[in-house]
Amino acid sequence: MSAFNAIGEEREIDRDEFTPGVEPQPTWCPGCGDFGVLKSLKQALPELGKNPEEVLTVTGIGCSGKLNSYLDTYGFHTIHGRSLPVARAAKLANPELEVIAAGGDGDGYGIGGNHWIHSARENHDITYIVFNNEIFGLTKGQTSPTSPKGHKSKTQPSGSAKTPLRPLSTSLNAGASYIARTAAVNPNQAKEIIKEAIEHDGFAHVDFLTQCPTWNKDARQYVPYIDIQESDDYEHDVNDRAEAAEIMRETEDVLNEGTVLTGRYYVDDERPSYSQEKHAVGEMPDQPLAERYFDDDAEWERSYDLLERHK
Amino acid sequence: MAEDLNWAIGGEAGDGIDSTGKIFAQALSRAGRHVFTSKDFASRIRGGYTAYKIRTSVDRVQSVVDRLDILVALTQRTIDENLDELHDGSAIIYDGERSWEAEIPDEMTAVDVPLKSLAEDAGGAIMRNIVALGAACEITGFDVEYLDESLEKRFGGKGSKIVENNKEAARLGQEYVQENYDLDHLGYSLETTDEDYVLLNGNEAIGMGAIAAGCRFYAGYPITPATSIMEYLTGRIEDYGGHVVQAEDELSAINMALGGARAGARAMTATSGAGIDLMTETFGLVATSETPLVITDVQRSGPSTGMPTKQEQGDLNMALYGGHGEVPRFVVTPTSIDECFWKTVEAFNLAEKYQTPVFLVSDLAMSVTEQTFRPEAFDMDEVEIDRGKLVDQDEVDEWLDEQGRFRAHADTDDGVSPRAIPGTIDGAHMSTGLEHDELGRRTEDQDTRVQQVDKRYRKVETAEEQEEWEYREFGNADADNLVISWGSNEGALIEALDYLEEDDIDVRVISVPYIFPRPDLSEEMEAADDVIVVEANATGQFADLLEHDALTRVKRINKYTGVRFKADELAEEIADQLSAEVPA
């Protein structure tokens, strides 16, 4: 039984509970892919029986960072690139919370790239949704880490000289234990993938293709898309690292040629999370760190013993 | 003035200098003697020159001085580096069988002890430093048995054989000197007492203070000289239900500490030098999201990589002004090792009562110095924990607006809003680094902006009124000469008073542990004929503040060699400044 009353509360959850009373309508542009992420979360969370108040949504900076303004949970809107350290620490401090981190491709793969790699490496038990629109949207259309080579923008007028970052392959190499790609134009698949990612015990990375109709007009709307689990043309074992690596690479190669592959790429249910690893070696207490002294009457443990060691 | 003995062991990094020094310091402490240690070291793992120095007395000692009485020299460089501090009565212990030819000035006493051979007799050459400790015991008239408990503590984990060998090594060193030298003329005789001291350094005091204050989440990234706080907490905080994370960089470290705090755990990070630069990015978010967080800066020489193993108090302006925009914060600067403990406890309470970042600014000198205290100096029963307006499930409803939404940034009389932890029913809210309204929703509305900025600064005003921002005072309160300092210079200043008294110079010392908010010293400065501000930096950052506060000019003593102030040196500088002109 948690010291926090929203955690583990048994009741029917309505999806409307996730729509905030203030600002129910997002200010994203019409046709923006970000709506797709919001919708899939609003469907997935109640279906998983999550109470809005046992969920913490941590966002970075960009259009994607407004996610938690439109999703009524505990929300923390951080600074550019830093959503992951905040999110994984909150999860460590109270593992009973459902912690979701979200941000854009610039936020997560660019300025916050180091945190992404290390969160995956350490396999923190959080869900990370990257709104990947292959552009900087909020600052009006500059080249991002996933912009295609040759993509022209005000900051790269002759076309980007850089090969786009490979989100799926990088995540696999870094150590993420659940990796999927979905697209805003495929809401059913998106909802199911988000549910799986939330349920997964470990670092779940969802590269969410979110078309930007305003600043990335070159980009397709990510249609037609192919679900690699549904299509007869593709077959791989999601638990097999080598097969996953191969299809990830292909997926990344063909995206900018107009073929949009989506689906589950890699799932490792065996790998212990950071918290489980630390628990196993006695460095993570049984009781949540945040809970231990939440109660006013809790007896504070003082460092009497520590002083003895200095004699 | 304290009747003291100054002892040191020096050699190359990797020679076990530190652990040998600490064994002797512990033995002295257990024998009821006061100890104050310091280190000469460089940022390298092997080679170079490193030394561990101990000043000991039956009276309290709280500074280093420019005098070395007994030196265990494992290298010639150890002797050369310390020639200024050695004197006619100094004894130098060295191993004449080693390849280097010791060049020791004739007026000093050379004590040639076959450290390596005797160590081998006891069971292994690795114990040569322990042989030297035994030799030092004989020279100083300190019973070699006092080393036993320290050796047990240090080597107990390696089995009783190792412990016994070490005890034997110490005795062989002691007996060798006893049999081969007559050093009574040096006159060293270390008296013992029944006092029961604890021995700890500033970083250990900060770590212990954090645990006592209920810190349950620490995130950090290794950096000299802050790392030992993380090392102290690791393996200890778990016993109290806490956890330490080693993050991938300092950006992550401070954001993780922030995340832990958001989830409800008392949280801290600590760093130094370049680490605090990276963390500066997050100061504003901590402040505008009104999250309690303790950020410890153990200062070292800057800028850039600077001198990583050297002393400096150069980060005051950073702590006060770091970050874009205007960031409400508290800056607390412990002035001694025991105060490192108490100010850490206070920092956690300030952070949580006012939901504001608190900078706990210590420095390298305190972080490496081991000092003795009576255990009562750390009376855990005196530790009080105040979590401020943290609301639980029963109180949360008092803070809902008419539509039932939690007012996480409510504009209150004292500026402090309620804080609901994720997981609490009815407490859900947004919080953001964007300007926001009472509900935490982003806004650029002019009136709301002004309301929230005012509210955040009102917390500081409330704290200024409700908390005690007192200075510490030493010397003669009625003296015409006023010396003001912040941070770790306090101990050296207190001892400098003794030297000044010998020259009939009357001084009042004010030592300031709070830089923001800080005590108003205008009246004290007005009342004095001469005001001298002492700090270990080049530009006089605190002196600038005091001049601004009191609209006057002060004299300044600045040191930025990388070496801390010494009591005798400070006394001389103060005497010089008193006869100098006030700057125009």
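The values are calculated or read from the model by the stated rules, or taken from the named source; none is laboratory data. Since the model is a prediction, treat every value here as computed from it, not as a measurement. Quick reminder, even Gly has a Cβ in these numbers, built from the backbone with ideal geometry, and neighbours come from all protein chains shown. Only protein heavy atoms, including side chains, enter the accessible area calculation; ligands, DNA and RNA are left aside. Shrake-Rupley method; radii C 1.70, N 1.55, O 1.52, S 1.80 Å.
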Between B:Asp445 and B:Thr305, what length in nm is gained on full extension when 0.36 nm per residue of separation is reduced by their alpha carbon distance?
46.1 nm
Viscosity 1.002 mPa s, temperature 20 °C: Stokes-Einstein D of region B:472-578 from its Kirkwood Cα radius, in µm² per second?
158 µm²/s
Expressed in square angstrom to the nearest 10, the accessible area of A:Lys195 with a 1.4 Å probe stands at 40 Å²
Under a Gaussian network model of chain A whose springs join Cα atoms within less than 10 Å, the largest fluctuation of A:Phe208, A:Phe76, A:Phe131 belongs to A:Phe76
Assuming a ≥ b ≥ c are the square roots of the Cα gyration tensor eigenvalues, decide whether chain B counts as rounded (a/c under 1.5), prolate (otherwise, with a/b larger than b/c) or oblate.
prolate
Would you mind listing how long region A:64-139 runs along its three principal axes, going by Cα atoms, in whole Å with the largest first?
35, 30, 16
Give the peptides A:147-160, B:215-228, B:502-515 in descending order of average Cβ contacts within 10 Å, highest first.
B:215-228, B:502-515, A:147-160
Shielding of A:278-289 by partner chains, average beta-carbon count, 10 Å:
4
In square angstrom, rounded to the nearest 10, how much accessible surface does A:Met284 have for a 1.4 Å probe?
20 Å²
Note, region A:51-64: 3J(HN,Hα) by Karplus (6.51, -1.76, 1.60, θ = phi - 60°), whole Hz, Gly/Pro = x, goes 6, x, 8, 10, 10, 10, 10, 10, 10, x, 10, x, 4, 4
What angle, in degrees between 0 and 90 and rounded to the nearest 10, separates the Cα long axis of helix B:490-502 from the longest principal axis of the Cα atoms of chain B?
60 degrees
Counting only other residues whose beta carbon sits under 10 Å from that of B:Ile237, what net charge do I get with K and R as +1, D and E as -1?
-1
Using Cα pairs under 8 angstrom and six or more residues apart, how large is the relative contact order of chain B, in percent?
12 percent
In a solvent-free Debye calculation with one equal scatterer on each Cα, what is log10 I(q)/I(0) for chain A at q = 0.11, 0.12 Å⁻¹, listed in the order of the q values?
-0.67, -0.78
Looking only at other chains, what is the average number of their beta-carbon atoms within 10 angstrom of each beta-carbon in B:237-250?
6
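Less than 11 Å Cβ to Cβ from B:Ser57, Lys/Arg counted +1 and Asp/Glu -1: what total charge do the surrounding residues give?
-2
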Against the longest alpha carbon principal axis of chain B, how many degrees, from 0 to 90 and to the nearest 10, is the axis of helix B:202-212 turned?
50 degrees
Computed E for A:Asn188/A:Asp232 - FRET, C-beta separation, R0 22 angstrom, nearest 0.05
0.70
Estimated [θ] at 222 nm from DSSP helical runs (n ≥ 4, -39500 (n - 2.57)) normalised by residues in chain A, nearest 500
-8000 deg cm²/dmol
Evaluated at 4 °C with a viscosity of 1.567 mPa s, what Stokes-Einstein diffusion coefficient in µm²/s does region B:396-466 have when Rh comes from the Kirkwood expression over alpha-carbon pairs?
103 µm²/s
What distance in nm separates the two pseudo spin-label positions at B:Asp413 and B:Asp184, each 7 Å out from Cα along the beta-carbon direction?
7.8 nm
Linear extension gain, B:Glu191 paired with B:Arg98, 0.36 nm per residue minus alpha-carbon span:
30.2 nm
Just how much of A:Val254 is accessible, in Å², when a 1.4 Å probe is used and the result is rounded to the nearest 10?
30 Å²
B:Lys53: which aspartates and glutamates have alpha carbons under 16 Å from its alpha carbon, excluding same-chain residues fewer than 8 sequence positions away?
B:Asp4, B:Glu12, B:Asp15, B:Asp18, B:Asp40, B:Asp66, B:Asp69, B:Asp80, B:Glu81, B:Asp84, B:Glu85, B:Glu370
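Need one value for B:263-276: mean number of C-beta atoms belonging to other chains within 10 Å of its residues' C-beta atoms.
4
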Packing-based order for B:379-390, B:237-248, B:549-560, using average beta carbon neighbours within 10 Å, highest first:
B:237-248, B:549-560, B:379-390
Divide by every residue of chain B the summed helix terms, -39500 (n - 2.57) for each DSSP H run of at least 4, and state the resulting mean residue ellipticity at 222 nm, rounded to the nearest 500 deg cm²/dmol.
-11000 deg cm²/dmol
Helix B:337-354: angle to the longest alpha-carbon principal axis of chain B, degrees 0 to 90, nearest 10?
10 degrees
Using the beta-carbon distance between A:Lys217 and A:Asn239 and R0 = 45 Å, what value does 1/(1 + (r/R0)^6) give for FRET efficiency, to the nearest 0.05?
0.70
Under a straight-distance cross-link criterion of Cα-Cα below 18 Å, which lysines are reachable from B:Lys158, leaving out those fewer than 8 residues away in the same chain?
B:Lys22, B:Lys167
Nearest-20 debye value, region B:272-378 charge dipole, Cβ charges on Lys, Arg, Asp, Glu:
60 debye
Here FRET efficiency (C-beta to C-beta, B:Glu145 to B:Glu473, R₀ 51 Å, nearest 0.05) is 0.75
Fraction of beta bridges assigned by DSSP in chain A that are antiparallel (%, nearest 5):
15 percent
Using a basic spin-label model with each label point 7 Å from the Cα along Cα→Cβ, how many nm lie between B:Ala575 and B:Asp506?
1.8 nm
Near the amide H of B:Arg564, under 5 Å away, which other amide H atoms are found, from residues 5 or more places off or on another chain, if H is placed in the peptide plane?
B:Gln311
Sequence-separation-based contact order of chain A, relative, with Cα cut under 8 Å and 6+ spacing, percent
17 percent
Return the distance in nm (one decimal) between the two label points of a simple spin-label model at B:Asp401 and A:Gln276, each offset 7 Å from Cα along Cα→Cβ.
4.3 nm
Using Cα positions and a limit of under 13 Å, work out the aspartates and glutamates in reach of A:Lys278, with same-chain residues fewer than 8 apart set aside.
A:Glu122, A:Asp125, A:Asp286, B:Glu238
Quick check on my link table: of A:Lys154/A:Lys217; A:Lys50/A:Lys195; B:Lys310/B:Lys559; B:Lys353/B:Lys455; A:Lys42/A:Lys91; A:Lys140/A:Lys217, which ones sit more than 19 Å apart, alpha carbon to alpha carbon?
A:Lys42/A:Lys91
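If you take every DSSP beta bridge fully contained in region B:200-382, what fraction is antiparallel? Give it as a percent rounded to 5.
DSSP beta bridges in region B:200-382 are roughly 10 percent antiparallel.
Ranking request for peptides B:129-139, B:307-317: highest mean number of other beta-carbon atoms within 10 Å first, then the rest in descending order.
Top of the packing list down: B:129-139, B:307-317.
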Excluding the sites themselves, what is the longest stretch of chain A that contains no GluC sites (Glu not before Pro) in a DSSP loop with at most 12 other C-beta atoms within 10 Å?
A:13-229
Can you sort A:Val223, B:Val531, B:Val58 by solvent-accessible area, 1.4 Å probe, largest first?
A:Val223, B:Val58, B:Val531
